[in-house]
Amino acid sequence: MSTKIMDKLDGLEQSETLKRLNPNDMNAGLRTTCLLGTRQKLLDDIADWITLPSATGNVLWLSGVAGCGKSTISTTISERFRALDRLGAFLFFQRGDSAHSDPGAVIRTLAYSLGLFDARFAAAITAAIDRDAGIVNAPIRTQFTELLLAPLQSVEQYMDGPILIILDALDECGDVDSRGALLSLLADEFPKLPRMFRFLITSRRESDLAGRFQSSFEEISLDPGTISGDTDIEVFFRHEMAADSGAEALGCGALVRLSGNLFIWASTATRFIGRYRPQQRLDDLLSRKQDGFNLDELYNVALRGSAPWDDTSFAQDARNVLACLVFGQAAMTDATIDQLLQQQSSEVLDNLGCVLHWKRGEVVRALHTSFIDYLIDAKRSAGMPWALDVAVAHHTLSTACLGVLHSELRFNICKLEDSRLLNSQVYDLAERISTFISPKLEYSACFVFDHVQEIQSDSVVLGSIDDFFHHQFLYWLEVLSLLARIPRAKLDKNRAELEAFIADTVKFVTAFAPADAALSFAPARSLVAQQYAKAYPGTLQFQRPADDDWPSMKELLQDVPSLILSVHISSNGSRVAYGSFDGAVRVWDVATGVLVAPPFRRHTTGVISVCYSSTMNDHPRAGPFRGHTDRVWSVRFSQDASKVVSGSGDGSVRIWDATTTELLVGPLVHPNVAPYRVVSGCDDGSLRIWDAETGALIAEPIEAHTGPVTSVAFSTSGMLLASSSWDRTIRVWDGHTGKSAGEPFRGHEGHVECVRFAPGDDGCIASSSADRTVRLWNARTGAPAGEPLLGHTEAVNSISFSADGRFLASGADDTTLRVWDFKTLIPVTAMVEDDQNQIATISWSSNGDWIVSGSVQGNLYLWDARSGKLIWGPIQAHTIAVNRVCFSPDCANIATVSDDRTVCVWDPSDGKLVLGPLTGHQGDVNFRDCPLMRDGWIMGTAADLHFWVPPWLSGGLYYPRNSLLLGLDRQTRLDLGRFVEGTDWEKCAAGV
């Protein structure tokens with residue numbers, strides 16, 4: 001394959017990885033640049049700052065009032081440096097457009113843009129994502145370090161500066177609360193980035209931005225009086241009105257004086273003048289007083305002169321359209337507005353062209369956010385026919401959304417054919433959503449309750465809400481799930497007429513958010529279940545546990561701004577503290593669900609553990625406590641609150657003085673604990689290590705042996721893995737990576753049948769072989785640890801350590817089972833089955849009392865491990881060889897598997913059969929971890945998904961093929977008799 005093709009494939013792979021950053025779309029197609037010849041000195045000054053070294057840092061803050069031209073200047077600068085191939089990223093924000101102005105997406109979007117700008121930086125970012133896929137959802141400080149700081153530093157030496165990064169209208173990115181962490185990051189960390197990266201930030205001088213930036217960054221202020229723009233604005237007026245033959249006579253000088261140095265005033269005025277009877281409209285403007293004709297007055301004149309506001313029908317239609325623009329939770333096209341309001345918006349939009357940007361089929365936007373501010377400020381637009389009343393506007397949108405939901409929601413709206421597929425597995429889901437879910441339905445489903453919660457409901461609205469919850473609630477959840485918007489299912493519980501039912505829907509959504517169809521598992525007392533169960537007779541039925549209500553839940557705390565990582569309740573139960581992904585700690589009043597204080601922001605990354613103290617207040621009492629070398633996973637106060645104990649990923653526990661932060665005790669060091677893994681060996685000599693939770697391969701298959709693998713074993717710590725083979729060798733591997741830990745252990749003269757680590761000792765391995773010996777090895781060097789253990793006269797098939805590591809048992813074809821003192825290596829006892837039963841497998845009980853053995857002839861024996869006496873047996877357990885025996889962890893059961901393809905469970909107290917023989921296997925049977933359930937989903941043999949089970953029922957669940965469940969009092973039996981799934985799943989609904 002050619003180098004060019006390989007490079008192209010690498011580029012495609014990088015592009016797909018970068019998309020996992022989920023960046024905001026930054027389309028600058030509608031943004032305008034400065035008119036040629038205007039703002040020249042200011043643009044040159046900014047360009048010089050970007051290109052020349054600066055002692056003041058690498059961030060320039062361009063501040064100014066609304067309408068002074070900040071965004072136009074930033075766009076002009078961006079195009080100048082784009083032409084020089086020096087524009088690394090250009091991000092811009094707009095108030096009200098939450099989808100594109102989320103502070104939490106800024107770092108991800110910057111990383112994405114810089115990745116598109118330079119392939120070397122893209123490679124560094126994709127490497128970071130490959131190392132830690134969860135980084136894209138980490139707190140923004142962690143994102144900054146891993147996705148910006150480290151990658152930029154790694155490629156700095158290969159890149160030429162300057163590279164410009166622009167953040168425009170930062171004051172419109174989120175609100176004061178949501179952007180706090182981002183502003184802190186910008187002020188504290190961005191100056192640490194390589195100086196070749198130059199940042200231009202524009203914003204109004206809001207108090208939170210000024211507090212962070214004015215002492216940290218160089219500032220250029222565009223406030224009126226600071227920089228004269230009269231000449232530039234005059235050039236702008238003459239250019240915009242040049243099409244009129246009398247341009248020189250149109251009073252440009254007077255318009256300049258009226259503008260107050262605000263380009264948005266000039267832009268609005270020229271659009272107003274040029275749209276209809278320009279001389280008449282110009283005269284109207286010039287007739288106003290020459291001083292103090294501010295932007296609000298211009299909006300009044302322009303709106304009054306642009307539309308027939310005396311027509312009450314037009315005025316109402318216009319207010320409805322403006323309500324969509326101002327209070328809409330997402331930007332809307334004219335078509336969506338028409339569908340939602342059931343009216344034609346084009347006439348209104350045509351008349352308001354001096355303040356709105358609009359083309360048919362495109363999103364409607366205000367030319368400037370100052371117009372939105374004007375509309376919703378009662379003092380500024382009071383008494384005007386276009387003024388918006390917040391409650392009335394939300395009432396209009398609530399009614400419209402509820403009407404759309406009533407008319408368009410329906411069962412299986414996207415006509416999905418197979419219930420066994422996740423939404424992500426439906427290859428044409430995007431096309432189905434586009435075909436069957438209209439833009440007005442998408443908006444209504446996602447945002448209806450954002451509007452409902454802002455109004456005082458009347459009887460009409462309450463009636464619509466009642467109808468919605470009792471007839472369309474499940475259809476609504478289906479649409480939200482298809483749109484991946486379940487978190488937007490916000491429900492208001494403060495409607496007296498619907499309080500009980502809505503409270504139950506809250507619990508329903510909270511409990512079943514992971515699944516699309518969970519009606520079957522709603523408790524019998526659930527009002528949702530009672531309302532909808534009869535409509536879906538073809539769903540799962542099951543025998544419930546004793547209690548028949550929702551899991552206990554006192555209060556649902558909603559609208560938390562970041563993922564909750566830790567939670568703790570106060571000793572009196574009145575308050576709950578939680579730590580979140582954004583690095584903040586918040587405290588809620590349990591009774592009211594209200595925050596009792598502003599968020600505590602002193603951490604730089606996500607808060608993994610919190611502990612409540614009665615002395616907690618809104619500032620740190622002490623700290624930070626420094627000393628751990630890895631992430632701190634847990635923290636607790638002593639009972640008298642005088643000490644703090646912490647546990648860390650560095651393997652240590654430390655105890656601190658809660659006031660002075662002095663380390664009192666520690667570090668107390670723990671050994672590392674390995675994650676849960678499964679290893680398998682194959683006849684082809686290879687090994688595979690699997691993640692037991694996800695089923696994913698942890699490492700590539702290991703070419704371990706030249707013969708079949710007979711046995712594998714993890715060390716107690718999980719750090720090492722041993723394997724044995726018919727190639728007469730034993731090998732040791734790194735238990736995490738699968739890399740070889742040394743050369744093969746050689747010494748056995750026959751097939752190595754079994755290998756085991758000594759309990760609690762990663763340094764010692766025992767092995768048994770067809771050469772009739774048991775050998776001990778130094779696990780790190782491969783050197784023999786003493787002489788072979790002799791005594792068996794035939795192949796030794798199996799070995800097993802007692803749980804305390806004091807004894808080692810071995811079973812062989814010579815029909816004997818021997819126990820050795822592991823410290824002295826002296827035989828303790830020998831147990832003889834009989835001269836007809838060759839021992840194939842043995843297992844020691846966890847309590848150390850018993851050893852169970854299975855024979856090649858299919859028999860089972862139980863022995864007293866201390867005396868060597870036979871407790872019972874032989875029992876004809878299987879018709880042919882017993883392959884494996886195993887005690888349950890509580891020693892209450894013994895499981896056996898056999899070449900006869902059956903599984904049996906036995907009672908060790910009397911040897912009686914408890915369960916089985918279980919049949920159904922079509923090949924050789926061995927013990928294995930077979931995840932019938934993953935993430936709550938019951939899976940079929942082909943890993944297809946059948947149904948989801950809530951966590952409070954999964955512990956005692958009878959799986960579809962279970963006939964007996966041992967040891968659990970709370971058991972749930974499934975009835976699949978009427979269950980309809982797969983390609984017939986639509987038949988679960990009555991009448992389908």
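The values are calculated or read from the model by the stated rules, or taken from the named source; none is laboratory data. Since we're looking at a predicted model, the values are computed, not measured. Ideal geometry is used to build each Cβ from the backbone, glycine not excepted, and the neighbour counts take in all protein chains shown. All accessible areas refer to the heavy atoms of the entire protein, side chains included, with ligands and DNA or RNA removed. Shrake-Rupley method; radii C 1.70, N 1.55, O 1.52, S 1.80 Å.
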- Message: Looking at the range 183-200, I want the residues that are at negative phi and have a partner that is acidic (Asp, Glu) with Cβ atoms under 7 Å, at least 6 apart or on another chain. Which pairs are those?
- Response: LEU183/ASP208; PRO194/GLU156; MET196/GLU156
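Is it true that ASP130 is open to solvent by 50 Å² or more (accessible area, probe 1.4 Å), over 28 Å from THR76 (Cα atoms) and within 24 Å of the chain's Cα centre (by Cα)? Outline the logic, then answer.
On the way: open to solvent by 50 Å² or more (accessible area, probe 1.4 Å): yes; over 28 Å from THR76 (Cα atoms): yes; within 24 Å of the chain's Cα centre (by Cα): yes.
It is true that ASP130 is open to solvent by 50 Å² or more (accessible area, probe 1.4 Å), over 28 Å from THR76 (Cα atoms) and within 24 Å of the chain's Cα centre (by Cα).
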- For the range 313-337, name all the residues that are assigned to a loop (DSSP other than H, G, I, E, B) and polar (S, T, N, Q). GLN329
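Having 2 or more residues that are open to solvent by 60 Å² or more (accessible area, probe 1.4 Å) is the bar; report the strands (runs of 3 or more DSSP E) wholly within the range 792-888 that clear it.
Because the criterion is at least 2 residues that are open to solvent by 60 Å² or more (accessible area, probe 1.4 Å), the strands (runs of 3 or more DSSP E) in the range 792-888 that meet it are 827-832, 870-876.
Here is a yes/no grid of residues against (1) open to solvent by 10 Å² or more (accessible area, probe 1.4 Å); (2) within 23 Å of ALA47 (Cβ to Cβ); (3) acidic (Asp, Glu):
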| site | (1), (2), (3) |
| --- | --- |
| LEU164 | no, yes, no |
| LEU167 | no, yes, no |
| ASP175 | yes, no, yes |
| SER178 | yes, no, no |
| PHE197 | no, yes, no |
- Query: Identify, please: which residue in the range 428-457 is closer than 16 Å to LEU340 by Cα and part of a loop (DSSP other than H, G, I, E, B) and is, among those, least open to solvent (accessible area, probe 1.4 Å)?
  - Reply: ILE437
- Going through the range 348-371 one residue at a time, which ones are without any contact (Cβ under 8 Å) to a residue 40 or more places away in the chain, assigned to a helix (DSSP H, G or I) and surrounded by 19 or more Cβ atoms within 10 Å (Cβ to Cβ)? LEU349
- Looking at (1) more than 24 Å from GLU442 (Cβ to Cβ); (2) open to solvent by 10 Å² or more (accessible area, probe 1.4 Å), which is the only condition ALA315 fails? (2)
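Return yes or no: is ARG304 surrounded by fewer than 18 Cβ atoms within 10 Å (Cβ to Cβ), part of a helix (DSSP H, G or I), of a type outside the set (A, V, I, L, M) and modelled with pLDDT under 85?
Yes; evaluated as a whole, the condition is true for this residue.
From the list GLU753, GLU743, GLU749, pick out the single residue that is open to solvent by 10 Å² or more (accessible area, probe 1.4 Å), farther than 13 Å from LEU720 by Cα, part of a loop (DSSP other than H, G, I, E, B) and in contact with a strand residue (DSSP E or B) (Cβ under 8 Å, 6 or more places away or on another chain).
Values: GLU753 fails: part of a loop (DSSP other than H, G, I, E, B); GLU743 fails: in contact with a strand residue (DSSP E or B) (Cβ under 8 Å, 6 or more places away or on another chain).
Residue meeting the stated conditions: GLU749.
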- Task: Report yes if some residue within the range 802-814 is at pLDDT 85 or above and over 22 Å from MET719 (Cβ atoms); otherwise report no.
- Result: no
- Message: I'm trying to understand the selection: among the residues of the range 406-427, which are assigned to a helix (DSSP H, G or I) and of a type outside the set (Asp, Glu)?
- Response: HIS406, SER407, ASN423, SER424, GLN425
- Query: Is it the case that THR694 is among the polar types (S, T, N, Q), in contact with a strand residue (DSSP E or B) (Cβ under 6 Å, 6 or more places away or on another chain) and either at pLDDT below 85 or open to solvent by 20 Å² or more (accessible area, probe 1.4 Å) (or both)?
  - Reply: no
- Residue tally, condition at pLDDT below 80, out of contact with any Cys (no Cβ under 9 Å at 6 or more places or on another chain) and aromatic (Phe, Trp, Tyr), over the range 890-940: 1
- Query: So is MET196 of a type outside the set (D, E, K, R), modelled with pLDDT under 80 and within 20 Å of SER78 (Cβ to Cβ) or not?
  - Reply: no
- Could you grab me the full set of residues in the range 889-904 that are touching a residue at least 40 places away in the same chain (Cβ under 8 Å) and open to solvent by 10 Å² or more (accessible area, probe 1.4 Å)? PRO889, ASP890, CYS891, ALA892, ASN893, ASP900
- Message: If a residue must be surrounded by fewer than 16 Cβ atoms within 10 Å (Cβ to Cβ) and either within 21 Å of ALA331 (Cα to Cα) or touching a residue at least 40 places away in the same chain (Cβ under 8 Å) (or both), how many such residues does the range 413-427 contain?
- Response: 5
- Item | Selection count, the range 297-316, where residues are closer than 20 Å to VAL392 by Cβ and in contact with an Asp or Glu (Cβ under 8 Å, 6 or more places away or on another chain) | 1
- Query: Scanning for something open to solvent by 40 Å² or more (accessible area, probe 1.4 Å), more than 17 Å from SER444 (Cα to Cα), touching a helix residue (DSSP H, G or I) at 6+ places or on another chain (Cβ under 7 Å) and not small (Gly, Ala, Ser), does the range 338-347 turn up at least one residue?
  - Reply: yes
- Message: Looking only at the range 162-180, filter to residues that are modelled with pLDDT of 85 or more and among the hydrophobic types (A, V, I, L, M, F, W, C); which one of those is farthest from ILE50 (Cα to Cα)?
- Response: CYS173
- Message: Out of everything in the range 93-106 that is at pLDDT below 90 and in contact with a helix residue (DSSP H, G or I) (Cβ under 7 Å, 6 or more places away or on another chain), what residue ends up being most open to solvent (accessible area, probe 1.4 Å)?
- Response: ARG95
